[in-house]
Amino acid sequence: MIAHAFLTVCFLLSFQVVSFLLNAPLLAYNVNKVVNRNHMFDATEIFRTLGQHKKGASPLARSRLERSRSLSAPD
């Protein structure tokens, strides 16, 4: 993330407007993740909060999550 921030600032300083505008939203998203402390999840944390994410997902995303879970479930 530090390299991405550095490159985005370099784009800004060298007047590469298109490159800067393409990278600025992604940089803002990554900074937001770090500030809110949800940039480092381990596998147990992801599966522990999976139910919360499924509630907020669209019906299409929910069906994809359930399908992928059933495919990866051990027999």
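The values are calculated or read from the model by the stated rules, or taken from the named source; none is laboratory data. As the structure is a computational prediction, the values presented were derived from the model and not from experiment. Here the Cβ positions follow ideal geometry from the backbone for every residue, glycine too, while neighbour counts run over all protein chains shown.
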> Can you spot a residue in region 32-51 that is more than 16 Å from the chain's Cα centre (by Cα), assigned to a helix (DSSP H, G or I), of a type outside the set (Lys, Arg) and at pLDDT below 75?
Replying inline: yes
> Restricting the first residue to region 34-50 and requiring it to be under 18 Å from residue 1 (Cβ atoms), which pairs with a second residue that is surrounded by 10 or more Cβ atoms within 10 Å (Cβ to Cβ) meet a Cβ separation below 6 Å and a spacing of at least six or different chains?
Replying inline: 39/33
